[in-house]
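To start, the structure itself, in structure tokens.
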Amino acid sequence: MSWQQEDEEMLVPHSDLVEGPQPMEAQVEPASTVENHQVEDPPTMKFTWTIENFSRLNTKKHYSEIFIVGGYKWRILIFPKGNNVDYLSMYLDVADSSTLPYGWSRYAQFSLAVINQIHNKFSIKKDTQHQFNARESDWGFTSFMPLSDLYDPSRGYLVNDTCVVEAEVAVRKVLDYWSYDSKKETGYVGLKNQGATCYMNSLLQTLYHIPYFRKAVYHMPTTENDMPSGSIPLALQSLFYKLQYNDSSVATKELTKSFGWDTYDSFMQHDVQELNRVLCEKLEDKMKGTVVEGTIQQLFEGHHMNYIECINVDYKSTRKESFYDLQLDVKGCRDVYASFDKYVEVERLEGDNKYHAEEHGLQDAKKGVLFIDFPPVLQLQLKRFEYDFMRDTMVKINDRYEFPLQLDLDKENGKYLSPEADRSVRNLYTLHSVLVHSGGVHGGHYYAFIRPTLTDQWYKFEDERVTKEDIKRALEEQYGGEEELPQTNPGFNNTPFKFTKYSNAYMLVYIRESDRDKIICNVDEKDIAEHLRAWCEARLTFEKSFQIRLKKEQEEKEDKRRYKAQAHLFTIIKVARDEDLAEQIGKDIYFDLVDHDKVRSFRIQKQTPFNVFKEEVAIEFGIPVQFQRFWIWAKRQNHTYRPNRPLTLQEEAQSVGQLREISNKTHNAELKLFLEVELGPDLHPIPPPDKSKEDILLFFKFYDPEKKKLRYVGRLFVRSSGKPIEILGKLNQMACFPPDEEIELYEEIKFEPCVMCEHLDKRTSFRSSQIEDGDIICFQKSPPLEREEECKYSDVPSFLEYVHNRQCKPHVKLGLILFQIVHFRSLERPKEDDFCLELSKVHSYDEVVERVACRIGLDDPSKIRLTAHNCYSQQPKPQPIKYRGVEHLSDMLVHYNQTSDILYYEVLDIPLPELQGLKNLKVAFHHATKDEVVIHNIRLPKQSTVRDVINVLKTKVELSNPNAELRLLEVFYHKIYKIFPHNEKIENINDQYWTLRAEEAKNSVEIPEEEKNLGPHDRLIHVYHFTKETAQNQMQVQNFGEPFFLVIHEGETLAEVKVRVQKKLQVPDDEFSKWKFAFLSLGRPEYLQDSDIVSSRFQRRDVYGPWEQYLGLEHSDNAPKRAYAVNQVRDDDPPQAHLAYIEQSSQPQ
């Protein structure tokens, strides 16, 4: 897994590294010295690095000595103060990457560890694997361990200012990726990895190679009008067709899109079991009412019976449940049969855990699971990952776990079967697929071993590559466990070196022998719909042509690289002509005159005289030099771009480079010119007319309301003192109208952020109308009054406004969308579009809010606040866009790798820059006696403190007494994590993921008083409610309800504590008698007796936080849910799992 998928797994760019190792003491374990003995597969060794004076390291990055594994040079890279995080950052680095030949690559599985020098069992170790190459020459963990833990001497990681780091590296050979042809070598093709989707690829290959399943997918009804990205059946049909007939690896993007996934989802490593169930459920739903209805159940569904049977009375409770896969324990089990034994293991319910058997009351009983029937295709999920309560983290179980080629679930007279199971069905299974995870809990790689026709030949499906493998590789090498390396010095009695095998099976697929012929059936073209075959063949043809085009693009890319390297010696001159304007206006563009990226460009050396360049223009366009006149373009204040003035003779005598510097204020390498060419009656070029200050060059567009067409018709020189009425004849001639046709004239002034196109008075002089060189006049026939209402866009302004806001295919420039139809929604109604605007993706923040303000009639755009769209939740993002916090519209619309077309807006009561100086906090006040919660929004300057929040809140809520004080606590999943000091600045409170919650204590005087008067040996402890749940024979603690603090006194027994707890919570006697009290540390309950001294349990300090050590109240969750009354400005409800609340007390803290 790369840094893109997992925070802890982060690549450090090679260019950021300092070459060469840093001098320090380093030690390689003698037993694993690979220089003396090369191990063929895999070369493995452990490297120990002792770093003295650790806290005095003053470099950002620190390297170990170089060590050699598999003939390759490696070293460890650490960031002693963190790589821009408050964690130790640690990576494995290819030491000589800068000197290796082009295209080098090597694959390694490795672990990195920081050794605990006091208790070795608390050492922190993380493992992963990576394909190292020139671009990714280092790999590891950005957030390896908190710096606070590392630098705390009492924790044992830094002793005498010395830190001990270990790396265990195994190097494996890699296939020649580029030359290997899977189809040619095996007859099968692989699936492309979108980015951390190898787990999905291994599952899809497994399902594809169940022919009965594939045939059912082909028979799902789809039509030629369906699109794969919007239809799961068609996407899966298309994928399976390509796997069956393609010559190269197949992409999965259409399928993931049909799931409703976006790019971010496909970069996250989902749980394979979850994906399998989601896919089967979606297909099962799509198959309803079709010829293949029920296929999923027929193939994968089995049933088991949960039972509780009383021992001393005749009473038995049973419940039938279905399953599509079974989760089997790996830890503590040597093989699949041991896991099934554990699955059906009988649990005794006795003592305090007796079963309540309705009219028989509490009874001793036995509880268990037996199987009613197994499915034809049995999917076994091996529980390789589990939560380690002692380490408070997920761990991977790499223990050896065997699985047979044939699995007999009828063994020992059907001990796994329930009494009502059909014993005539022979439950003998043959192994079809082994899905493998290689790596650790923080990252890894997935692939599958499959034998598609159940012959002796196995195949390994690893993303794009498919290889032939033997049975040993598919089975025995995937059992996991440890492997022992040969001794380096056999003559000496040294301890052999063992290393953990991080590649092991995590999912098995078995096919029942009696159903073998039915499931491993023939699937050919007659099973594939005609429209699907035609569509896929067309796609295959397209993909082949795409490969050809891709090769061409690579060549062009190399040309561009060379071009760029010489760019400083050249100037790009872009020459626009009348022909370009006529070609583009009304087709590619409507506003302004030309898209300069679509006109003829010349690459001219900077020292070339401009007059020499004119000769090149003469050759290119056939326009003699004496007939050329060039105009410089200028960007106006209203963001339009027009020809501004002709070049002077003095300017044309300069070099191209000098002219560009004079005319180009942005200092880029381009010079943009308009070439004016006058034509005589015979349409041959003639010398351009003399131009005085009185002459104005105007450009004309003609609009046809009936056809809704706008086109360029030419340009004219006019006298500034003249009037439009004097040129009407010429304009009619341009439009091929009669000389006396009545026409209306409009000046196109600007189009951003709003269209401005104003009617031009034909009897007012051009000078009085402020017309100047480069201006654009649009004209049309004067519409008859009776037809004006019939035509939707009867005049130029309405048509241009329509074009500006139209919802049609956006303009395209160099393959990138320039314009975007953006759907604006009020934040108060996030599901409904309010209006749409067509905006340029390069619009600035100011331009976007100006357009929105203009659209809704708001005078002050600074009161508009925008919020981006979350493509995955289809909701507004929790945090709005800051004032000028993004540069362009495109930045507002991008969410990870997805582009949205939705923005949310709100109108503020004060300007956004002013608001951003304030902090808005959501405070939920829980009333002590009323079952309701009122949410308040409190807006204060960012430099305010928690005390200020409390003072404001006091004016808004009803307190139990005038002298009551409130305190602020952070609660996460029903546990108290923090008490906020009154002087803490609210700017530091991150309310993106949790709200502040204010609550009156049940007994607001007694408890805070008690806390205030703590004795020297009293302890303030956390008290939480909890229940126990059992899932797959594992006990899990679930917290619920409202947590609270409690003072316990030295020598106080549980019986005495109970009295105070019952009084505080006001629980009736009959209900309270059922409650159990336990001391919990890291999630494990230790039940207490009434005579136990409670304070003696709360002496340990080696826990991560006080919330991990608490007094637990075990009882059922019968509390009624509170009603919420919302009183707020902005509705950004974060997840309710993470809360902070304010508690009332009688004295200030």
With all protein chains in place and a 1.4 Å probe, ASP86 shows an accessible area in Å² (nearest 10) of 120
When you count, for each residue, the other Cβ atoms within 10 Å and take the mean per peptide, how do 852-865, 557-570, 307-320 rank with the highest first? 852-865, 307-320, 557-570
Give LYS192/LYS526; LYS701/LYS882; LYS242/LYS560; LYS366/LYS411; LYS282/LYS526 a once-over and call out the pairs whose C-alpha atoms are over 29 Å from each other. LYS701/LYS882; LYS242/LYS560
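Going down the list LYS367/LYS1064; LYS672/LYS693; LYS551/LYS841; LYS81/LYS126; LYS975/LYS1058; LYS288/LYS877, which pairs span over 28 Å between their C-alpha atoms? Please list the in-between numbers first.
On the way: LYS367/LYS1064 37 Å; LYS672/LYS693 23 Å; LYS551/LYS841 30 Å; LYS81/LYS126 19 Å; LYS975/LYS1058 20 Å; LYS288/LYS877 36 Å.
In this structure, LYS367/LYS1064; LYS551/LYS841; LYS288/LYS877 exceed 28 Å between Cα atoms.
Given a 1.4 Å probe and heavy atoms of the protein chains only, how would you sort TYR1024, TYR387, largest accessible area at the top? Can you show the working numbers first?
Values: TYR1024 0, TYR387 90 Å².
The most accessible residue leads, giving TYR387, TYR1024.
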For a protection proxy built on the mean count of beta-carbon atoms within 10 angstrom, sort 505-513, 405-413 highest first, please. 505-513, 405-413
At q = 0.13 Å⁻¹, work out log10 I(q)/I(0) for the range 38-118 with the Debye formula, treating every Cα as an identical point scatterer and leaving solvent out; two decimals please. -0.50
Which FRET efficiency value, to the nearest 0.05, is calculated for ARG400 and ASP373 with the Förster distance at 35 angstrom and r the Cβ-Cβ distance? 0.70
As an exercise, use a Förster radius of 30 Å and the Cβ-Cβ distance of ALA653 and ARG767 to find the FRET efficiency, rounded to the nearest 0.05. 0.40
Roughly how many percent of the accessible protein surface of the range 847-887 is carbon and sulfur, given a 1.4 Å probe and a whole-percent answer? 43
Which log10 I(q)/I(0) values, to two decimals, does the range 400-453 give at q = 0.14, 0.20, 0.24 Å⁻¹ under the Debye formula with one point per Cα? -0.60, -0.84, -0.97
At TYR245 and GLN1038, where each label point lies 7 Å from the Cα along Cα→Cβ, what is the point-to-point distance in nanometres? 5.0
A student asked for the Cα radius of gyration and Dmax of the range 107-163 in angstrom ought to give 13.8, 41
Classify the range 611-727: rounded, prolate or oblate, from the alpha-carbon gyration tensor (a ≥ b ≥ c, eigenvalue square roots; a/c under 1.5 rounded; otherwise prolate if a/b is larger than b/c)? prolate
Say each of ILE749 and VAL313 gets a label point 7 Å from the Cα, pointing the same way as Cα to Cβ; how far apart are those two points in nm? 9.1
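Hull surface divided by four, with the convex hull built on the Cα atoms of the range 78-210: how many nm²? Before the final figure, lay out each step's value.
Working: hull surface 46.1 nm².
Across all orientations, the range 78-210 yields a mean hull projection of 11.5 nm².
Using R₀ = 56 Å, calculate the FRET efficiency as 1/(1 + (r/R₀)^6) where r is the Cβ-Cβ separation of ASN963 and HIS119; round to 0.05.
Details: r = 49 Å, r/R0 = 0.88.
With a Förster radius of 56 Å, E is 0.70.
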Whole-Å semi-axes of the range 289-352's equivalent ellipsoid (Cα gyration tensor): 31, 21, 7
Apply the Karplus parameterisation 6.51 cos²θ - 1.76 cosθ + 1.60, with θ equal to phi minus 60°, to every residue of the range 725-741 and state each ³J(HN,Hα) to the nearest whole Hz, in sequence, with x for glycine and proline. 4, 6, 10, 4, x, 5, 5, 4, 5, 4, 8, 6, 9, x, x, 9, 5
Under a Cβ-only charge scheme (Lys and Arg +1, Asp and Glu -1), can you give me the dipole magnitude of the range 529-620 about the Cα centre, in debye to the nearest 20? 540
At 37 °C and 0.692 mPa s, what whole-number value in µm²/s does Stokes-Einstein give for the translational diffusion of the range 339-443, with Rh from the Kirkwood sum over Cα pairs? 189
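The values are calculated or read from the model by the stated rules, or taken from the named source; none is laboratory data. Keep in mind that what you see is a predicted model, and the values were worked out from it rather than measured. Cβ sites come from the backbone with ideal geometry, for glycine too, and all protein chains shown count toward neighbours. Ligands, DNA and RNA are stripped out before the accessible areas are found, and what is left, the full protein with its side chains, is counted by its heavy atoms. Shrake-Rupley method; radii C 1.70, N 1.55, O 1.52, S 1.80 Å.
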